[in-house]
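**Student:** A single structure is presented below for examination.
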Amino acid sequence: MREQIAQALKAAIKAQDRRRISTLRLINAAIQDRDIANRGAGKDPVSDEEILQILTKMVRQREESAVAFEQGNRLELAEQERQEVEIIREFLPKQLCEDDMRRVCSAVVAEIGAGGLRDMGRCMNTLKERYPGKMDFSKASGIVKSLLQ
């Protein structure tokens, strides 16, 4: 994953794509920050799974910022945030559509034998294990909650 990001950064530098360069550098900085934090805690460097979590968090932050900028009538900044989201998403696995998420959530609830909201954590942990970076877990949480009620 790191190599893929590094190659994309080299290509962006050659193409002199300023938006892409700055976004890829932000990704690298976030990964390095987590590496430093892990080193301080005596852990290994960031794994590909953790990189997926970092990228997912970056996408969510930028989507929230874009909405805030639109509400503040700062459309140029909202567009900039959305461009960054598209660049970051290139490194994430393809997201499950709404119907697939419902199907997967139903299967996990049935498999675990979840009987109520008290089993929500187990369901969500199973989804996070099996589909890292492939779904929006806040939406999945809502789906699981509706299935368990």
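**Student:** Filtering the range 113-135 down to residues that are within 11 Å of M101 (Cβ to Cβ) and open to solvent by 40 Å² or more (accessible area, probe 1.4 Å), which residue is nearest to the chain's Cα centre (by Cα)? Before the answer, list the steps.
**Tutor:** Restricting attention to the range 113-135, the residues satisfying the condition of being within 11 Å of M101 (Cβ to Cβ) are 127, 131, 134-135.
From what is left, the residues that are open to solvent by 40 Å² or more (accessible area, probe 1.4 Å) are 131, 134.
Working: Y131: 11, K134: 8 Å.
So the residue we want is K134.
**Student:** Moving on. Since A78 meets every condition but one in (1) out of contact with any Phe, Trp or Tyr (no Cβ under 6 Å at 6 or more places or on another chain); (2) farther than 18 Å from G142 by Cβ, which condition does it not meet?
**Tutor:** (1)
**Student:** Follow-up question, since we're still on this one. Determine which member of the set I51, I36 is in a helix (DSSP H, G or I) and in contact (Cβ under 8 Å) with a residue 40 or more places away in the chain.
**Tutor:** On the way: I36 fails: in contact (Cβ under 8 Å) with a residue 40 or more places away in the chain.
The match here is I51.
**Student:** A further question follows. Among the residues of the range 82-110, count how many are open to solvent by 40 Å² or more (accessible area, probe 1.4 Å) and either assigned to a helix (DSSP H, G or I) or modelled with pLDDT of 95 or more (or both).
**Tutor:** Residues that pass the stated criteria total 12.
**Student:** Starting from residues that are assigned to a helix (DSSP H, G or I), farther than 19 Å from R19 by Cα and not aliphatic (A, V, I, L, M), keep the ones in the range 65-81 and report whichever is nearest to the chain's Cα centre (by Cα). Give the steps one after another, and end with the answer.
**Tutor:** Taking the range 65-81 first, the residues assigned to a helix (DSSP H, G or I) are 65-71, 75-81.
Filter again for farther than 19 Å from R19 by Cα, leaving 67-68, 70-71.
Next, from what is left, pick out any that are not aliphatic (A, V, I, L, M): 70-71.
On the way: E70: 22, Q71: 23 Å.
Across the range 65-81, the extreme among qualifying residues is E70.
**Student:** Same structure again: Out of (1) loosely packed, with under 14 Cβ neighbours inside 10 Å; (2) at pLDDT 90 or above; (3) assigned to a helix (DSSP H, G or I), what's the single condition that is false for S138?
**Tutor:** Every listed condition holds for S138 apart from (2).
The values are calculated or read from the model by the stated rules, or taken from the named source; none is laboratory data. Just so we're clear, the structure is a prediction, and the values are computed from it rather than from any experiment. Glycine also receives a Cβ, built like all others from the backbone with ideal geometry; neighbour counts cover every protein chain displayed. With ligands, DNA and RNA removed, areas are computed over all heavy atoms of the protein, side chains included. Shrake-Rupley method; radii C 1.70, N 1.55, O 1.52, S 1.80 Å.
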